């Protein structure tokens with residue numbers, strides 16, 4: 001900034017100095033030759049003035065004047081040229097300065113823009129990095145959750161299997177089976193005479209709560225009436241009794257109708 | 001990564017394992033004592049009053065069978081007349097398993113038409129849809145046939161409502177007894193006197209076609225076996241040997257009669273009489289009393305009562321020559337009057353159970369006797385043609401009634417019959 005302020009002062013200074021110098025040259029230059037020629041006067045000869053000499057002296061004076069004018073003109077021309085040159089120089093300098101400033105400004109703008117862009121890019125990159133990290137973290141967490149859940153599930157299943165294998169569970173299961181048995185038996189009207197050798201398997205699908213949502217016969221040696229009686233019994237038995245322990249619940253229950261005549 | 005894959009495999013592998021965890025429940029008996037059913041009065045589509053209440057007869061039949069529990073008429077919240085009008089949700093709320101609906105309409109030829117449909121409430125399925133033209137005089141009988149169809153569709157066993165029963169009614173003071181051989185509808189209604197006498201009538205036995213009865217009558221002064229055609233009343237004497245002529249039983253093909261005869265030697269044994277030829281074949285020859293013969297369904301074996309081991313017990317003997325009798329009953333001191341079920345699996349007997357005469361059932365395959373009835377003096381068991389029930393006579397408080405017990409012993413009920421002493425009930429075969 002200081003450079004831009006100082007620079008225009010120099011050409012103006014130079015210009016004033018040159019003008020002063022030229023003015024001095026013009027004033028003293030014209031008088032100087034006069035002084036040098038005036039002291040050459042011989043008293044003897046002075047009396048004897050030759051016409052020719054006079055004429056020559058006049059011519060010489062004209063010549064001197066002519067030379068002086070030309071010299072003055074030349075000097076003015078030089079001054080003018082110098083001024084022009086200075087003007088041009090000044091303009092060039094100005095243009096150069098403007099150009100330089102413009103370039104500087106351009107560079108600055110470019111730098112700034114680049115910086116801005118870089119900053120934005122950086123910000124963007126940072127953001128991307130951040131969100132990527134967050135996503136990664138999230139994914140890791142999700143994976144962990146899933147893994148944990150799977151492991152918990154696995155553990156639960158294993159525990160379930162263990163529970164299922166335990167004696168207490170088996171006795172609960174037996175009581176659940178008895179509950180379903182009694183529940184269905186109370187609702188089954190056994191058609192007369194079917195006890196002899198009947199073996200009829202039906203797969204019943206229940207939902208939690210015991211509601212029967214489906215049934216299909218497996219192997220069954222009973223006739224249409226027997227099947228009808230069994231289907232009716234199961235529909236009436238819905239909802240089936242709840243298990244004494246939720247883990248005992250089974251979606252599919254296999255009911256095997258094998259009546260014993262002696263049981264009546 | 002591998003760990004995850006392994007975990008996944010473990011998870012995937014597990015569901016296959018609990019296949020054995022599925023619950024298996026054995027159902028060993030049906031405890032429901034009867035099937036709830038709604039019998040909706042039939043719509044009458046003719047002018048004026050309906051000529052007959054078909055639904056009332058069906059309801060009574062089903063109720064009497066002991067296997068159905070008809071919804072009381074007052075509880076019929078709606079009265080659909082076709083399967084399409086049956087809203088199963090409503091009937092499910094009434095805890096009804098089946099709904100019978102129908103229409104009765106006059107036909108141009110003077111007959112009627114009964115149309116009926118049976119709907120299973122459980123799944124809305126239309127189990128029956130039948131139309132039958134009916135003679136005006138046969139509306140009751142046709143109603144019994146509706147009952148038969150319903151019974152068969154739901155229980156898988158043909159109904160026996162449209163069958164008949166025969167029995168002997170004894171009236172009057174000791175010196176002026178009157179004996180009547182009566183045939184009635186299976187519900188005890190519509191009694192018809194077949195033969196009557198001042199002398200004893202015994203042991204009515206239906207011919208396999210249901211058109212004739214063989215029985216013993218003393219009206220000639222001595223015992224003789226007669227066969228009477230029901231439609232005409234024509235009575236034919238088929239056995240009047242010297243001594244006892246008793247306990248006739250038609251063979252399954254109707255060509256022969258098994259009899260208990262004492263003949264000249266006074267030793268009562270079992271014989272088979274071929275009706276067409278009067279050819280007589282002696283089946284047992286034992287100094288003890290062998291009587292009350294009964295045919296196996298295949299006609300190759302006779303079951304009978306004998307006291308050859310002291311008290312009366314049931315024996316069987318093949319009809320091929322030289323066959324030896326084999327004892328059938330071993331439980332209890334008294335088992336008599338065998339009657340074989342239509343499927344040959346059971347033999348109904350009179351057994352002494354804790355001092356009372358009751359109807360028992362012997363399993364022909366596994367042995368063992370089950371007491372079916374619970375009276376003090378229950379006698380003369382006779383299987384229904386579908387084998388589901390046993391008809392017998394029962395003395396309750398000095399009064400005789402006809403009673404029916406299901407062949408599994410679960411249901412007992414009495415049926416209306418003439419007052420007086422009732423003996424020797426016999427259930428007819430199917431009457432087609």
- Item | Angle in degrees between helix B:2-13 and the longest Cα principal axis of chain B, rounded to the nearest 10 | 30
- Message: Please report the spacing between the Cα centers of segment B:237-263 and segment A:66-95 in Å, no decimals.
- Response: 175
- Query: Rounded to the nearest 500 deg cm²/dmol, what is the calculated helix-only ellipticity per residue at 222 nm for chain B, with -39500 (n - 2.57) per DSSP H run of length n ≥ 4?
  - Reply: -3500 deg cm²/dmol
- Message: I'd like the FRET efficiency for residue A:129 and residue A:108, computed as 1/(1 + (r/R0)^6) with the beta carbon distance as r and R0 of 30 Å, rounded to 0.05.
- Response: 0.50
- Message: Bins of 20 Å, beginning at zero and ending with the bin holding the largest distance: percent of Cα pairs per bin for the protein assembly as shown, please.
- Response: 13, 28, 19, 8, 5, 5, 5, 6, 5, 4, 2, 0
- Message: Nearest 5 percent is fine: what portion of the DSSP beta bridges confined to chain B is antiparallel?
- Response: 90
- Message: Please compute the length gained on full extension between residue B:298 and residue B:24, using 0.36 nm multiplied by the number of residues separating them and subtracting their Cα-Cα distance.
- Response: 94.6 nm
- Message: Need one word for segment A:178-263: rounded, prolate or oblate. Basis is the Cα gyration tensor (sqrt eigenvalues a ≥ b ≥ c); a/c below 1.5 gives rounded, then a/b vs b/c decides.
- Response: prolate
- So what's segment B:181-276 giving for Cα Rg divided by 2.2 N^0.38 Å, two decimals? 1.08
- With Rh as the Kirkwood radius over Cα pairs, segment B:158-199 has Rg/Rh of 1.12
- Query: Taking square-rooted eigenvalues a ≥ b ≥ c of the alpha carbon gyration tensor, is segment B:35-155 rounded, prolate or oblate, where a/c under 1.5 means rounded and, failing that, a/b exceeding b/c means prolate?
  - Reply: prolate
- What's the exposure ranking of A:203, B:151, going from fewest to most Cβ atoms within 10 Å? A:203, B:151
- Alpha-carbon centroid distance for the pair segment A:207-264 / segment B:286-334, whole angstrom: 44
- Query: Pick from B:331, B:379, B:45: which is most flexible by mean-square fluctuation in a GNM of chain B where alpha carbon atoms under 10 Å apart are linked?
  - Reply: B:45
- Message: How much of the DSSP bridge set in segment B:35-155 is antiparallel, in percent, rounded to the nearest 5?
- Response: 70
- Select from B:360, B:172, B:159 the residue whose mean-square fluctuation is largest in a Gaussian network model of chain B (Cα-Cα springs shorter than 10 Å). B:172
- Item | Residues B:369, A:158, sorted so that the one with the fewest Cβ neighbours within 10 Å comes first | A:158, B:369
- Message: Test of understanding: in a Gaussian network model of chain B with alpha carbons linked when under 10 Å, which of B:74, B:258, B:89 would top the mean-square fluctuation ranking?
- Response: B:74
- Computed over chain B: longest principal axis from alpha-carbon atoms vs helix B:139-155 long axis, angle to nearest 10 degrees, is 60
- Message: Over chain B, what is the relative contact order in percent, taking alpha-carbon pairs closer than 8 angstrom and at least six residues apart?
- Response: 9
- Message: With angles folded into 0 to 90 degrees, how steeply does helix B:54-64 sit against the dominant principal axis of chain B? Use alpha carbons for both and round to 10.
- Response: 70
- Message: For B:68, B:218, B:304, A:217, which order do you get if you count the other beta carbons within 10 Å of each Cβ and list the fewest first?
- Response: A:217, B:218, B:68, B:304
- Note on the structure: Note on segment B:164-427: alpha-carbon gyration tensor, axes a ≥ b ≥ c; rule is a/c under 1.5 for rounded, else prolate if a/b larger than b/c, else oblate; result rounded
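FYI, it's all coordinate maths here, none of it is from the lab. Given the structure is predicted, the values throughout are model-derived calculations rather than measurements. Reconstructed Cβ throughout: ideal geometry from the backbone, glycine too, with neighbour counts over all protein chains shown.
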